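So the structure is just underneath, and the comments pick up after that.
No lab work stands behind these numbers, since they all come straight from the coordinates. The shown structure was predicted, so the numbers you read here are calculated from the model rather than taken from an experiment. Positions of Cβ are backbone-derived with ideal geometry, glycine not excepted, and every protein chain shown enters the neighbour counts.
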Amino acid sequence: MGALYVVATPIGNLGDITFRAVEVLKEVDCILCEDTRVTRKLTQRFGIQKPLRSHFAGNEEGRAAQVVQELSEGGSMALVTDAGTPCVSDPGYLLVRACRAKGIPVIAIPGPSALSAGLSVCGLPTSRVLFLGFPPRRKSERQRLLQSLRTDPATLVFYEAPHRIRALLADALALLPDRECVVERELTKRFESVAVVTDAAAVPERGELVVIFGPPSGAMPNEEVSQEDVAGHVARLIAEGVEEKEALRRVARERKISRREVYRIVKVKEP
């Protein structure tokens, strides 16, 4: 039986590829790519001479079975995306699930990721992070999502396309007014920039973008004590005969945090 290697590739600067990633890409039988044209630039740069096969969101479900069959027969393959770590707001999870279901080893080859790179230079708290990928394109859906996050104590991370960045920021600055906003453009590339933003119109509509919102001002500072307190509050209401769903709603409203966060805390604290 072979193995599937999930290989992180540079998000901009090709020098960020790891020695192990190059070794693996040179040793596998085939490289599964989001876009073969993009991956070919990488393989040519590092002298990697392996077949490239298209494997992206649009064809992943249909091709996963064939890939799994080849791996079951002893082949080895690497899965890459255009940039960064596969399966992190990028294609790949369906193939990984299919391999796991058949007992095929799936091996992570870690490396560059816009998520971790963005968090490392944003200057915001990262003890609790909520990664949301690309926000909805529809204005109403996007606003509904942002409204639901208003009191969530986590630092929020989005990816966004350049032609939609100002629309996202305009909505977010209005609906999340008590969160500091950091916009990061072209991380690891020549024109990289990281800036605190208060005006959506001031952000250029160019480049790859990571958008990060810090916790709400006045968010609970002592996480452990606060979690115990929240869980205890819910437990007391349930003991008094309040249904769990209603107890979660009441605690969220009184403590000014999201119901989802209350639910998470309660489940973490359950024995």
Starting from region 18-37, take each residue that is touching a residue at least 12 places away in the same chain (Cβ under 8 Å) and list its partners that are assigned to a loop (DSSP other than H, G, I, E, B) and of a type in the set (A, V, I, L, M, F, W, C), counting only C-beta distances under 6 angstrom and pairs at least six apart or across chains. Val22/Phe46; Leu25/Ile48; Lys26/Ile48; Cys33/Val80; Glu34/Phe56
Out of all the residues in region 246-262, which are under 29 Å from the mean Cα position of the chain (by Cα) and closer than 10 Å to Val234 by Cα? Leu248, Arg249, Val251, Ala252, Val262
Flag for Pro110 being surrounded by fewer than 18 Cβ atoms within 10 Å (Cβ to Cβ) and within 21 Å of Pro86 (Cβ to Cβ): yes
Scan Ala108, Ala117 and give me the residue that is part of a helix (DSSP H, G or I), within 20 Å of the chain's Cα centre (by Cα) and touching a residue at least 40 places away in the same chain (Cβ under 8 Å). Ala117
Taking region 161-203, which residues are within 12 Å of Arg142 (Cα to Cα) and either free of Cβ contacts under 8 Å to residues at least 40 places away in the same chain or assigned to a strand (DSSP E or B) (or both)? Arg164, Ala167, Ala170, Asp171, Leu175
Those residues of region 136-156 that are among the acidic types (Asp, Glu) and part of a loop (DSSP other than H, G, I, E, B) come to a total of 1
Which numbered condition in (1) under 23 Å from Val194 (Cβ atoms); (2) more than 14 Å from the chain's Cα centre (by Cα); (3) surrounded by 13 or more Cβ atoms within 10 Å (Cβ to Cβ) is the only one that His163 fails? (3)
Could you go through region 130-149 and let me know if any residue there is under 28 Å from Ala202 (Cβ atoms), over 14 Å from the mean Cα position of the chain (by Cα) and touching a residue at least 60 places away in the same chain (Cβ under 8 Å). yes
Only unsatisfied item for Glu27, checking (1) within 24 Å of the chain's Cα centre (by Cα); (2) closer than 27 Å to Ala117 by Cβ, is (1)
